[in-house]
Amino acid sequence: MQTFEQIMSDLKARRFKPVYFLMGEEPYFIDAITDYIEKNLLKEDEKAFNQSVVYGADVDLGQMINMARRFPMMAEYNLVIVKEAQNIKGLDGGEEGVNPFALYVENPAKSTVLVINYKGKKLDSRRKLAKLIDKEQVLFDSKPLYDNQVGRWITEYLRNQSITIEPNAAEIMAAHMGTQLSAIVMELDKLKVAVGNGGKITSADIERNVGISKEFNVFELQNALGARDMYRSALIAKHMGAMPKHSIIPDIAVLYGFFTKIMILHSMSGSSPAEQAAALKVNPYFMKDYQTAARSYSLRQCAQIISILREYDAYSKGIDAPPVDDADLLNEMIFRILTC
């Protein structure tokens with residue numbers, strides 16, 4: 001199965017396949033591949049007669065295949081894009097017997113590029129159809145990024161557009177925006193305009209253009225906790241809790257990852273900083289913060305903190321929850337971490 005980078009490299013080199021089956025839970029990569037093909041396969045004056053964009057709720061399997069079998073008119077390609085294709089009955093080959101789509105994949109129209117968006121679902125990789133598409137055409141599984149991958153993804157996304165970003169700025173974005181890549185890209189596009197081509201994005205740029213404070217965010221909170229700085233930890237928690245629509249749930253997730261990494265670091269005495277960074281899957285730029293935290297908290301204390309975070313995660317979701325809001329929960333949780 002090809003990666004997003006491999007597919008985009010081939011598309012930019014105009015190495016097109018007759019069928020692209022784009023499936024999975026992360027819509028950003030599916031949309032990015034589809035948008036590139038839609039914008040670049042045909043010239044503008046060729047699109048009127050040679051480009052069809054349809055939705056799965058509006059076509060059946062036979063109609064989709066008939067569109068794919070059409071010959072292009074005064075163009076090299078016929079482009080058919082099927083969005084929300086998970087709504088087409090029988091497309092997944094789930095029923096026994098002959099599957100018309102599988103027959104098409106085996107013998108597609110060479111002058112057609114058929115792009116199928118199958119969001120939120122996946123073909124069964126054990127069945128014949130998935131194996132056939134993967135072998136003969138392009139089968140892509142769009143998987144969500146893990147929390148610890150988002151910062152690196154932001155850095156790479158901007159690097160490909162000739163823009164750099166400070167490591168702490170990338171982590172601030174990742175910590176506050178989660179793994180929803182489409183939402184992250186919208187904010188990054190604002191920052192690209194602000195700093196210009198070849199520019200460098202700083203935490204100050206993020207504060208001005210995105211509204212995430214460079215001083216009062218969960219990334220700064222974890223560093224203050226790591227240094228056992230009670231005053232600064234309380235100050236940051238107070239400002240974060242006062243932010244409109246603030247939720248403690250993402251904060252708990254970030255801190256859980258932070259203290260889990262400190263536990264791992266305790267098991268790596270004698271290792272080099274580079275080895276430690278690789279094991280923790282963090283940018284070496286941040287290792288000093290983890291090393292400071294490892295000196296501040298013993299392995300036993302880290303285990304206690306993980307237990308505290310789990311307790312407050314349950315509270316934040318209404319399980320055995322005391323009658324307090326998220327801001328009070330955050331302040332109380334920070335106090336318990338610092339005094340464990």
When every residue in segment 304-340 that is out of contact with any helix residue (DSSP H, G or I) (no Cβ under 7 Å at 6 or more places or on another chain) and assigned to a helix (DSSP H, G or I) is compared, the one surrounded by the fewest Cβ atoms within 10 Å (Cβ to Cβ) is Ser307
Residues of segment 252-281 being of a type in the set (A, V, I, L, M), more than 22 Å from Thr179 (Cα to Cα) and not in a loop (DSSP other than H, G, I, E, B), which ones?
Ile262, Met263, Ile264, Leu265, Ala274
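Residue-by-condition table, conditions (1) among the hydrophobic types (A, V, I, L, M, F, W, C); (2) closer than 22 Å to Tyr104 by Cα; (3) under 29 Å from the mean Cα position of the chain (by Cα):
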position	(1), (2), (3)
Met8	yes, no, yes
Arg14	no, no, yes
Tyr20	no, yes, yes
Phe29	yes, no, yes
Thr34	no, yes, yes
Phe71	yes, yes, no
Does segment 151-176 hold any residues that are touching a residue at least 24 places away in the same chain (Cβ under 8 Å) and within 22 Å of Gly24 (Cβ to Cβ), and which are they?
Gly151, Arg152, Trp153, Ile154, Tyr157, Ala174
Please note which helices (runs of 4 or more DSSP H) are completely contained in segment 156-251 and include at least 1 residues that are surrounded by 16 or more Cβ atoms within 10 Å (Cβ to Cβ) and touching a Lys or Arg at 6+ places or on another chain (Cβ under 6 Å).
203-209, 218-226
For Tyr28, are the conditions met, namely being in contact with a Lys or Arg (Cβ under 6 Å, 6 or more places away or on another chain), of a type outside the set (D, E, K, R) and either closer than 23 Å to Ser182 by Cα or modelled with pLDDT of 95 or more (or both)?
no
Across segment 312-340, what is the number of residues that are of a type in the set (Asp, Glu) and within 27 Å of the chain's Cα centre (by Cα)?
2
Between a residue in segment 191-205 that is within 10 Å of Ser162 (Cβ to Cβ) and any residue that is among the hydroxyl-bearing types (Ser, Thr, Tyr) and at pLDDT 90 or above, which pairs come within a Cβ distance under 8 Å, given they are 6 or more apart or on different chains?
Asn197/Ser162; Gly198/Ser162; Gly199/Thr164
With the first residue restricted to segment 116-135 and required to be in the same structural domain as Met23 (by TED's automatic domain parsing), and the second required to be of a type in the set (Val, Ile, Thr) and crowded, with 17+ Cβ neighbours inside 10 Å, Cβ contacts under 7 Å at 6 or more apart or on different chains are Ile116/Val82; Asn117/Ile30; Asn117/Thr34; Asn117/Val82; Lys119/Ile30; Leu132/Val105; Ile133/Val19; Ile133/Val105
What tally of residues in segment 42-62 results from selecting those that are surrounded by 16 or more Cβ atoms within 10 Å (Cβ to Cβ) and within 23 Å of Phe101 (Cα to Cα)?
7
Could you identify the single residue in Leu145, Leu114, Leu132 that is under 30 Å from Gly198 (Cα atoms) and either touching a strand residue (DSSP E or B) at 6+ places or on another chain (Cβ under 7 Å) or among the aliphatic types (A, V, I, L, M) (or both)?
Leu145
Go through segment 143-183 and count every residue that is modelled with pLDDT of 90 or more, β-branched (Val, Ile, Thr) and under 15 Å from the mean Cα position of the chain (by Cα).
2
Inspect all residues belonging to segment 2-25 and state whether any of them is among the β-branched types (Val, Ile, Thr), touching a Leu at 6+ places or on another chain (Cβ under 8 Å), assigned to a loop (DSSP other than H, G, I, E, B) and modelled with pLDDT under 95.
no
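The values are calculated or read from the model by the stated rules, or taken from the named source; none is laboratory data. None of these values were measured; they are calculated from a predicted model. When we count neighbours, we look across all protein chains shown, and the Cβ atoms used for this are built from the backbone with ideal geometry, even at glycine.
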